[in-house]
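Take a look at the following structure, please.
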Amino acid sequence: QVQLVESGGGSVQTGGSLRLSCAASGLTFSTYAMGWFRQAPGKEREFVAAIHRIGSGTIYADSVRGRFTVSRDNSKNTVYLQMNSLKPEDTAVYSCAAGRIFGTRANNMDYWGKGTLVTVSA
């Protein structure tokens, strides 16, 4: 049974930082690309960042590039999202996902976590 469990969410002020983690189990982690997606209240889910299965490539949404960094530790079956210079518009539920295809499309993801809430206050 595949499980993806996010942690590290919380409430911060504008300009603050958070580090999200996503621990995976039940799959061969190093064979999956990993992605982070977010969904704000009343909005559709959107792509945030993705990392290649061996960490050799990353992709970022324009809205977070330069502020967020995605990384992974295949020895720990964990992917991370370091979020700096947070803005109120970053407020959302952040979910990690695993898929065979490295890219930005949610439809290419096979497994999803339940998400962790990030709230950024002005």
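Work out how much length S11 to L117 would gain on full extension: take 0.36 nm times their residue separation and subtract the Cα-Cα distance, in nm to one decimal.
37.3 nm
Using a 1.4 angstrom probe on heavy atoms only, work out the carbon and sulfur share of the accessible area of the stretch 4-122 in %.
Carbon and sulfur together cover 46 percent of it.
OK, next. How many nm is it between the label spots at D73 and E46, if each spot is 7 Å from the Cα in line with the beta carbon?
Each label point is offset 7 Å from its Cα along the Cβ direction, giving 3.0 nm.
On to the next question. Grab the beta carbon distance between N84 and S56, set R0 = 25 Å, and tell me the FRET efficiency rounded to 0.05.
On the way: r = 23 Å, r/R0 = 0.92.
With R0 = 25 Å, the Cβ-Cβ based efficiency is 0.65.
At 1.4 Å probe radius, can you tell me the per residue accessible area of the chain in Å²? Kindly include the intermediate steps, with their values, before the conclusion.
Numbers: 6230 Å² over 122 residues.
Value returned for the chain: 51 Å² of accessible area per residue.
While we're looking at this one, here's another question. Label 7 Å along Cα→Cβ of D110; the stretch 29-50 residues with amide nitrogen under 14 Å?
Correct set: 29-35.
How much net charge surrounds G55 when only the other residues with a Cβ under 15 Å from the Cβ of G55 are counted, with Lys and Arg +1 and Asp and Glu -1?
Counting the neighbours of G55, the net charge comes to +2.
Please state, rounded to one decimal and in Å, the Kirkwood hydrodynamic radius that the stretch 33-96 gives when every pair of distinct Cα atoms enters the mean of 1/r.
The Cα-based Kirkwood calculation yields 12.1 Å.
So if I average 1/r over every pair of distinct C-alpha atoms in the chain and take the inverse, what Kirkwood radius in Å does that give?
14.0
Given the chain, what percent of its DSSP beta bridges are antiparallel, to the nearest 5?
Around 90 percent of the beta bridges assigned by DSSP in the chain are antiparallel ones.
The values are calculated or read from the model by the stated rules, or taken from the named source; none is laboratory data. Everything numeric here is computed off the predicted structure, so don't read it as measured data. We place every Cβ from the backbone using ideal geometry, glycine too, and count neighbours over all the protein chains shown. Just the protein is used for accessible areas: all its heavy atoms, side chains included, with ligands, DNA and RNA removed. Shrake-Rupley method; radii C 1.70, N 1.55, O 1.52, S 1.80 Å.
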